[in-house]
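Only one structure is covered here, and it is reproduced in the block below.
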Amino acid sequence: MIDDTRRQLIDNIRIAVLDKNDETELLTEAIKLIDTFSDGFDWTGFYLLKDGILEVGPYVGPETPHEKIELDKGICGASVSQKISIIVDDVNSDPRFLACSVNTKSEIVVPLVDGDKVLGEIDIDSNQPSFFTNEDREMFEEIAEIIVNRLKEVRVNV
Ligand code: SME
């Protein structure tokens, strides 16, 4: 179930990306809106799949040492290679975890899926353990769909 607050974020993003015809501008706007949704989001960003490698896109948060991530590395790589959303309640007990900050306790990664392709992903870290819920996953999956549809339109027009 998606509650009214989450529905509001989805609607705000849908409206905000409508008139963005530049990929970076579109993703920057979306990630800023996502980041302001919760004080518990401590790194909020996109990774984009380019030539089989994930490259960091627009983000809000501390600089990450992981600007590029191979698909067999990290929770980021696992989400894209399996085309599934992943919530990790305790990153320190997940051997796949690549740390951006020592303060990170939990993480959600939602892939940007376009049929059998993946364009990238939304990645959010929290300094609070078990921060992300199933409702968040549902919300980010809807947001991912909006972003994918808009990205496809923007890329065609390049
Ligand atoms: N934690 C991610 C790496 C990305 S940084 O957190 C920004 C992972 O384990 O794949």
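The values are calculated or read from the model by the stated rules, or taken from the named source; none is laboratory data. Model, not experiment: these values are computed from the prediction. Please note: Cβ atoms are built from the backbone with ideal geometry, for glycine as well, and neighbour counts cover all protein chains shown. Quick note on the areas: whole protein, heavy atoms, side chains included, nothing else; ligands and nucleic acids left out. Shrake-Rupley method; radii C 1.70, N 1.55, O 1.52, S 1.80 Å.
Can you confirm whether segment 44-53 contains a residue that is open to solvent by 10 Å² or more (accessible area, probe 1.4 Å), within 18 Å of Glu145 (Cβ to Cβ), in a loop (DSSP other than H, G, I, E, B) and not charged (D, E, K, R)? No, there is no match, as no residue in segment 44-53 is open to solvent by 10 Å² or more (accessible area, probe 1.4 Å), within 18 Å of Glu145 (Cβ to Cβ), in a loop (DSSP other than H, G, I, E, B) and not charged (D, E, K, R).
Within the option set Cys100, Cys76, being at pLDDT 95 or above and not in a strand (DSSP E or B) holds for one residue only, Cys76. All but one of (1) among the acidic types (Asp, Glu); (2) more than 9 Å from the ligand (Cβ to nearest atom); (3) over 30 Å from Asn157 (Cα atoms) hold for Asp94, so report the exception by its number. Unmet for Asp94, out of (1) among the acidic types (Asp, Glu); (2) more than 9 Å from the ligand (Cβ to nearest atom); (3) over 30 Å from Asn157 (Cα atoms): (2). Restricting segment 105-143 to residues that are in contact with a Gly (Cβ under 9 Å, 6 or more places away or on another chain) and within 13 Å of Phe46 (Cα to Cα), the residue that is surrounded by the fewest Cβ atoms within 10 Å (Cβ to Cβ) is Leu112. The residues of segment 11-37 that are touching a residue at least 60 places away in the same chain (Cβ under 8 Å) and either surrounded by fewer than 19 Cβ atoms within 10 Å (Cβ to Cβ) or outside any helix (DSSP H, G or I) (or both), listed by number, are Arg14, Leu18, Lys20, Asn21, Asp22, Glu23. Within segment 62-73, the set of residues being open to solvent by 30 Å² or more (accessible area, probe 1.4 Å) and either part of a loop (DSSP other than H, G, I, E, B) or in contact with a Phe, Trp or Tyr (Cβ under 7 Å, 6 or more places away or on another chain) (or both) comprises Pro62, Glu63, Pro65, His66, Glu67, Leu71, Asp72, Lys73. Of the candidates Ile124, Ile87, Ile34, the single residue that is within 12 Å of the ligand (Cβ to nearest atom) and within 13 Å of the chain's Cα centre (by Cα) is Ile124. Among the residues making up segment 44-72, those that are more than 20 Å from Glu25 (Cβ to Cβ) and either near the ligand (Cβ under 7 Å from one of its atoms) or among the polar types (S, T, N, Q) (or both) are Thr64, His66, Ile69.
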